[in-house]
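We did not get these values from a lab; they are worked out from the coordinates using the rules stated. From a predicted model like this one, the values you see are computed outputs, not experimental measurements. Quick reminder, even Gly has a Cβ in these numbers, built from the backbone with ideal geometry, and neighbours come from all protein chains shown.
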Amino acid sequence: AARASLAAGVARAWFAMTEAAEQVGVAELALKATDDTQLALEERFRSGQAGDQGSLGAQLRLARSDVAAAKAALEQRREALAKTSRALELLLGRYPEGKATGEVKLPDLPGRPPTGLPSELLQRRPDILAAERRFAAQGMRQREAKRAVFPRLALTGSNGTNTDALKNLLASDYGVWSLGAGVTQTIFTGGQVLAEIRRRGAEQNEAQAALQKTVLQAFGEVEEALQLEGILGRREDALAESLRLAAEADTEARANYRQGIGDILTVLATQNRALQAKAQLVLVRRLRLDNRIALHLALGGDFRV
């Protein structure tokens, strides 16, 4: 369990760092886009192409504001990258200097979980295995307590008749089992043996309830991961479509602006929309990878039976 948890933690940290690196790339694209827009506006302002210089001046100030905001966003993304890098280094037992590097793009999600996964896969989970062992151990202890009710002696002698030990036992008025050699075992003294049986039975019931709770929790974790698999998949599809449409709108808005039939506000809006969709798409892809890790943990391993 500890090894699986550690491996999952390292994988999540690596995906988080990779996502952060990809988000830095998106922020750099945003800065370049806003900077290009500012340069184009400055050129138009200097050349006097626009009739309303006052309106163009306001647009230029807005573009400069967007450049400053893009610089701040880029620094924030770089900070997140360094933070996730340090987290990964700590998990790997390294000094957290924030210099761990990896891929600059998240890997593709493996294939979907196959149809008809058997519930028996959950029996590999360490917590279920431990609960099963506790339940079995409590059952063994209860059987031992029940055996303690009966004395250990031979019921028949060599000639097939009852032994003296059995005769003495049946004739005894002192409430003890006579075991010979001066050794005695108290019988039902203060109800201790019966109380021990009841105690072991209660412990077995508790172990059974704990096992049932562990199994139900495991099924709940699997159900949650499978449901989230579908939700995040639909989110990714929607964001991919949003990015495609926003990119097309941005291309058209820039072309119109260069031809003098569009305005800068539309250009700024479309490029921001496209970059936001791209950043959200990167996030959802990382969330899907994290959820796949959660599904494997819930199943106690991969999809192979």
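Can you give the relative contact order of the range 1-107 as a percent, counting alpha carbon pairs under 8 Å and 6+ residues apart? Before the final figure, lay out each step's value.
Numbers: 95 pairs, mean separation 44.5, N = 107.
In percent, rounded to a whole number, it is 42.
R0 = 51 Å: FRET efficiency of Arg258 with Lys83, Cβ-based, nearest 0.05? Don't jump to the answer; show the numbers that get you there.
Values: r = 40 Å, r/R0 = 0.79.
Taking R0 as 51 Å, the efficiency between Arg258 and Lys83 is 0.80.
Going by C-beta contacts inside 10 Å, put Val67, Val104 in order with the fewest on the left. Write out the running numbers ahead of the final one.
Working: Val67 20, Val104 10.
With the sparsest Cβ surroundings first, the list reads Val104, Val67.
Tell me, how many Å apart are the Cα centres for the range 260-277 and for the range 1-50?
Distance between centres, Cα-based: 18 Å.
So what J values fall out for the range 62-67 if you push phi through Karplus, 6.51 cos²θ - 1.76 cosθ + 1.60 with θ = phi - 60°, rounded to Hz, Gly and Pro as x?
Once θ is set to phi - 60°, the couplings for the range 62-67 become 5, 5, 5, 4, 5, 5 Hz.
Quick one: 3J(HN,Hα) in Hz for the range 245-253, Karplus 6.51/-1.76/1.60 with θ = phi - 60°, rounded, Gly and Pro as x.
Karplus-based 3J(HN,Hα) across the range 245-253 equals 5, 5, 5, 5, 5, 5, 4, 5, 5 Hz.
How large is ³J(HN,Hα), in whole Hz, for each residue of the range 205-219 in order, when computed from phi with the Karplus curve 6.51 cos²θ - 1.76 cosθ + 1.60 and θ = phi - 60°, using x for Gly and Pro?
In residue order, the calculated couplings are 4, 5, 5, 5, 5, 5, 5, 4, 5, 5, 5, 5, 4, 5, 4 Hz.
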